[in-house]
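Colleague: Dropping the structure in here first, questions after.
The values are calculated or read from the model by the stated rules, or taken from the named source; none is laboratory data. The structure displayed is predicted, hence computed values, not measured ones. Heads up, the Cβs are rebuilt from the backbone with ideal geometry, glycines too, and the neighbour counts pull from every protein chain shown. Surface accessibility is based on the protein's heavy atoms, side chains included, excluding ligands, DNA and RNA. Shrake-Rupley method; radii C 1.70, N 1.55, O 1.52, S 1.80 Å.
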Amino acid sequence: MTFSLADQVKLFSRLCWDSLAGNPPRRASLQMTEACNLHCKMCTFWQYDGPTPSTDQLKQVVLALEKIGVKHINLWGGEPFLHEGIVEIFRFIKERGFVLAIITNGTKMTEEKLRASVEYLDEITFSIDSPHAAVHDRIRGAKGSHELIVANIERFLELREEIHGPGSRHPDLTIDCTIQRDNIEHIHEMIEFAERFGADLVFDPAQIQGYGNRLNEKLTQIGAEVRWEAMDRLRGLSAAGKRINSVGNLDIADAYLAGREITTPCFFPYIGMLVNPWGEVIYCWGWDKKMGNVLDGDFRARWNSREYKDLRKQTLRCEMDRCKRCGFSMVRWPDAPGYQVLSTLFGLRIAIGRG
């Protein structure tokens, strides 16, 4: 999603207040289900065979997030549209005043769910790994998935105009693309593909550690010349104004794919929380360490514990080895407006004991 100057000022103001107050993040990524209908090469959630959370269970987690001050909820999975109660969850979340977003593989969206998405969501992200159907389907492990997701995006755009009026960009549309060995040689073609739908485009390299990510090093074993040519082309397109990652962000992705250590600070623990369907807080996208449960009394006490503060400090300073090998480049903003302000702000938070 593209942030205006007003959006950035509002974000920094809130972060300043939260830092002084020692508050948990205002943004939470809530996992609707761990189940998934695709067999993606970079993911393990499709192997999940545990219980599906009830709609009431998810509502209780939403209420707990509201209690600790969360204002923005991003739904994800597995595949969130597999959950039969998703329309009810949309309605429940919006009735409580949250900003609501979702990320989906785009293959399980009925007409009812598409219409509800347009009516209730503020942001929607579709995961697509290639403009070429055969490549995307191979990565996602499901023939026909590319054709289906394209059809659903086109229907989404039709409904957006029907419900919100011609030219409306609400809900905001983003396409997320995972860079890996199978698609890197034509990854730049995703830009024209995203422009076809008027969507922002976000790249992130395939992960081989963390919550739901498969330890498959072959995904990132890419020849140096192929990698450099592809990433340099993306940097040039970004510098020319294409609606993709910043140049600095792409530098981090390139460093990760090249196997170099990354030392750029990560702000995720201060800005967002990763919450599973049972209310458990996962430390971050790149580490599945559980840090308590929002349903267990006052999570603020856990948030302000010495262990949690020490881990956030190590993450901000990129001191842990796992952080130096983490490819989640979108949680690091090396050349974003206000980057130095954020670095100073969170450093001050540590200095005054708010961790």
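Colleague: Please report, in cubic angstrom per residue, the volume enclosed by the convex hull of the alpha-carbon atoms of the chain. Display every interim value, and only then the final one.
Modeller: Details: hull volume 45.3 nm³, N = 355.
Per residue, the Cα convex hull of the chain comes to 127 Å³.
Colleague: With N residues in the stretch 146-304, what two-decimal value do you get for its Cα radius of gyration over 2.2 N^0.38 Å? Mind showing how you got there, number by number?
Modeller: Values: Rg = 18.7 Å, N = 159, 2.2 N^0.38 = 15.1 Å.
That works out to 1.24 for the stretch 146-304.
Colleague: With every protein chain left in place, what is the accessible area per residue of the stretch 8-105 in square angstrom, probe 1.4 Å?
Modeller: Working: 4020 Å² over 98 residues.
Counting only protein heavy atoms, the per-residue value for the stretch 8-105 is 41 Å².
Colleague: Along the charge dipole of the stretch 123-277, which of N216, N152, I139 sits closest to the positive end, that is, farthest toward it, with unit charges on the beta carbon of Lys, Arg, Asp and Glu (+1, +1, -1, -1)?
Modeller: Toward the positive end, the furthest listed residue is N216.
Colleague: Dividing the alpha-carbon Rg of the stretch 91-161 by 2.2 N^0.38 Å yields what? Spell out each step's value before the answer.
Modeller: Values: Rg = 13.4 Å, N = 71, 2.2 N^0.38 = 11.1 Å.
Cα Rg divided by the expected 2.2 N^0.38 Å: 1.20.
Colleague: Per residue, how much accessible area does the stretch 226-308 have with a 1.4 Å probe, in Å²?
Modeller: Numbers: 3440 Å² over 83 residues.
So the stretch 226-308 comes to 41 Å² accessible per residue, rounded to a whole number.
Colleague: As a test of the formula, what do you get for the chain when each DSSP H run with n ≥ 4 contributes -39,500 (n - 2.57) and the sum is divided by the residue count, at 222 nm and rounded to the nearest 500 deg cm²/dmol?
Modeller: Numbers: 14 runs with 151 residues, N = 355.
Estimated from H runs of four or more residues: -13000 deg cm²/dmol.
Colleague: Right, next: Restricting to the chain, what percent of DSSP beta bridges are antiparallel, rounded to 5? Each step should come with its number before you reach the end.
Modeller: Working: 6 of 34 bridges.
Here the share of antiparallel DSSP bridges comes out near 20 percent.
Colleague: Order the following by accessible area, largest value first: F92, F126. Probe radius 1.4 Å; ligands, DNA and RNA are ignored. Walk me through the numbers on the way to the answer.
Modeller: Working: F92 35, F126 0 Å².
Reading off the accessible areas and sorting them downward yields F92, F126.
Colleague: With the full set of protein chains in place, find how many percent of the accessible area of the chain is carbon and sulfur; take the probe as 1.4 Å. Don't skip to the answer; put the middle values down first.
Modeller: Details: 7750 of 15260 Å².
Ligands and nucleic acids excluded, carbon and sulfur reach 51 percent.
Colleague: Rounded to whole Å, give me the distance from the Cα center of the stretch 222-259 to that of the stretch 107-128.
Modeller: Computed from Cα coordinates, the inter-centre distance equals 30 Å.
Colleague: Let me ask something else about it. Need the list of lysines near K71 for cross-linking: C-alpha distance under 17 angstrom, and skip anything on the same chain fewer than eight residues off.
Modeller: Straight-distance partners of K71: K10, K59, K94.
Colleague: While we're on this one: So which of K41/K313; K218/K324; K67/K290; K67/K309; K289/K324 end up more than 24 Å apart, counting from Cα to Cα?
Modeller: Working: K41/K313 33 Å; K218/K324 19 Å; K67/K290 20 Å; K67/K309 21 Å; K289/K324 17 Å.
Beyond 24 Å: K41/K313.
Colleague: Let me ask something additional. Size of the stretch 50-168 along its principal axes in angstrom, Cα-based, largest extent first?
Modeller: Principal extents (Cα only, largest first): 45, 42, 22 Å.
Colleague: What does the stretch 236-320 give for Rg and for Dmax, in Å, if only its C-alpha atoms count?
Modeller: According to the Cα coordinates of the stretch 236-320, Rg and Dmax are 16.2, 50 Å.
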